[in-house]
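Bear in mind these aren't lab numbers, they're just calculated from the coordinates by the rules spelled out. Small disclaimer: the values here were computed from a predicted structure and weren't measured. Heads up, the Cβs are rebuilt from the backbone with ideal geometry, glycines too, and the neighbour counts pull from every protein chain shown.
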Amino acid sequence: MSATTEYTVPTLRKKLQDSNDRQAVTPAMTEPYDGLIVGVDVGGTKVAAGLVDSNGEIKSQTRTAMVGNGNAAAGLAAVTSAIDLLLAGDRQARTLIRGIGICSPGPLDPSTGVVINPPNLPCWRDFPLAAEVAKIYRVPVKVENDANAAALAEACWGAGRGYRHIFYAGLGTGIGTGIVFDARIYNGRTGAAAEGGHMSVDYRGPICGCGKPGCIEILAAGPAIARRARATLASGKGPQSSILHLAKGDIDAVTSEMVGHAYAAGDELAKQTLQETVQLLSLWLSNIVDLLEPDVIIIGGGVAAMLNPFFGEISAWLSKYCINSRCQEIPLLKAHYGADAGIAGGAALCSESPSSQ
Ligand SMILES: [Zn+2]
């Protein structure tokens, strides 16, 4: 989504000026303008920044390239240029912002805002990201990993509203998870908690990028779906599968998106591939339910839409696997935020709602 025209910062400033000129400002008119937060999503190759209001609505957003392999200053400059672009060089706009929340690849320390040593951001080693950004914009700045922040955004403004204990799973090229207990992110002792994607469901399974065998991430994230489909096709099954058609006959070119498209078109092999993934995810979620017994499970990330038709099946597997006899009462919901989860998550870190205190 590109920046919206009806609610850009200059428009906000004009509305605020108009209001001040009349010297009769109703709280209802000023409230959305007083609560603006900048949410920033830093990835290995891009930075996305958005203006988010107090209801969690993303009013405008922008993207710039991330310079992850240069020095620390170049990485910081990429972040500030995204923020500056968002604020469109409007100095008064800065006065409307009451916080900046940043999602960054970890490991990081959310209590100090120091980014420790993310493998895909070699520019930052023990880099005090929150302090450096706060120095420039003179507002409170918070830093978190993206899945924890996305979980908080769902708790504040999304599918988790009204629930006390939330488990969030972002399924994409990896599996990132976040836990929100009593409206606060559960960080553990040093901020390293809630790495649910690296819980193993098979000690003899393939070795995950983290070094452990059989993590749910290596078995059920997007690349695993593609890998499973490729292996089945390579064994000679499904020569007529529309997955093969979508890949123009090249098994090595099969992606998880193709599996999703083929499933939507009624392809049997795609259905079987996704069902295996669903069974693995169900076993994993049953562990989560038996460990945490959350009030709600929220599934987000790029693969979530593909798995949406299987939510009923996951619930059925959960009742089979869980020791918890009331696990059927725990709703399994699709996340409210999609590709913008990082921006909303960053903003949620600075939200003044009781949910983030
Ligand atoms: Zn792992």
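Compute the length gained on full extension between Glu329 and Asn117: take 0.36 nm times their separation in residues and subtract their Cα-Cα distance, giving the result in nm to one decimal.
Details: separation 212, 0.36 × 212 = 76.32 nm, distance 4.01 nm.
Here the answer is 72.3 nm.
Out of residues 5 or more away from Leu121 or on other chains, whose amide H comes under 5 Å of its own, with H placed 1.01 Å from N in the peptide plane?
Amide H to amide H, under 5 Å and 5 or more residues apart or across chains, Leu121 pairs with nothing.
What residues have an amide H closer than 5 Å to that of Lys142, excluding those fewer than 5 places away on the same chain, when H is modeled at 1.01 Å from N in the peptide plane?
Residues meeting the criterion, in which the H sits 1.01 Å from N, are Ile100, Gly101, Ile102.
Enumerate the amide H contacts of Cys208 below 5 Å, restricted to partners 5 or more residues apart or on another chain; note that Pro and chain-start residues carry no placed amide H.
Result for Cys208 returns Gly214, Cys215.
Between Glu57 and Glu276, what is the label-point separation in nm under the 7 Å Cα-to-beta-carbon projection?
Inter-label distance under the simple model: 4.5 nm.
Can you work out D for region 161-334 in µm² s⁻¹ from Stokes-Einstein, where Rh is the Kirkwood radius over C-alpha pairs, the temperature is 4 °C and the viscosity is 1.567 mPa s?
Value of D from the Cα-based Kirkwood radius: 77 µm²/s.
Which whole-Hz couplings ³J(HN,Hα) result when phi for each residue of region 188-195 is put into the Karplus expression 6.51 cos²θ - 1.76 cosθ + 1.60, θ = phi - 60°, listed in order with x for Gly and Pro?
Per residue, the Karplus-derived 3J(HN,Hα) values read x, 6, 10, x, 9, 6, 6, 8 Hz.
Restricting to the chain, compute how many DSSP beta bridges are antiparallel as a %, nearest 5.
Beta bridges within the chain, antiparallel portion: roughly 60 percent.
In deg cm²/dmol, rounded to 500, what helix-only [θ] at 222 nm does the chain give when every DSSP H run of at least 4 residues adds -39500 (n - 2.57) and the total is split over its residues?
Numbers: 14 runs with 146 residues, N = 357.
Only helices count here, giving -12000 deg cm²/dmol.
Could you identify which residue out of Ile102, Ile175, Ile288 has the top mean-square fluctuation in a GNM of the chain using Cα springs shorter than 10 Å?
With Cα springs under 10 Å in the chain, the top fluctuation among Ile102, Ile175, Ile288 is at Ile288.
For the chain, what is the relative contact order in percent, using Cα pairs closer than 8 Å and at least 6 residues apart in sequence?
18 percent
What pairs from Lys237/Lys271; Lys248/Lys334; Lys46/Lys271; Lys212/Lys271 go past 24 Å between their alpha carbons?
Lys248/Lys334; Lys46/Lys271; Lys212/Lys271
Points 7 angstrom from Cα along the Cβ direction at Thr173 and Arg125: gap in nanometres?
2.4 nm
How are the C-alpha pair distances of region 58-164 spread across 10 Å bins, as whole percents from the shortest bin up?
Result, from short to long distances: 14, 42, 34, 9, 0 percent.
Taking the simple approach of a point 7 Å from Cα along Cα-to-Cβ for both Ile136 and Ala192, what is their distance in nm?
Simple spin-label model gives 3.0 nm for this pair.
How much length would be gained if the chain were fully extended between Ala316 and Ser81, taking 0.36 nm per residue of separation minus their Cα-Cα distance, in nm to one decimal?
Roughly 79.8 nm would be gained on extension.
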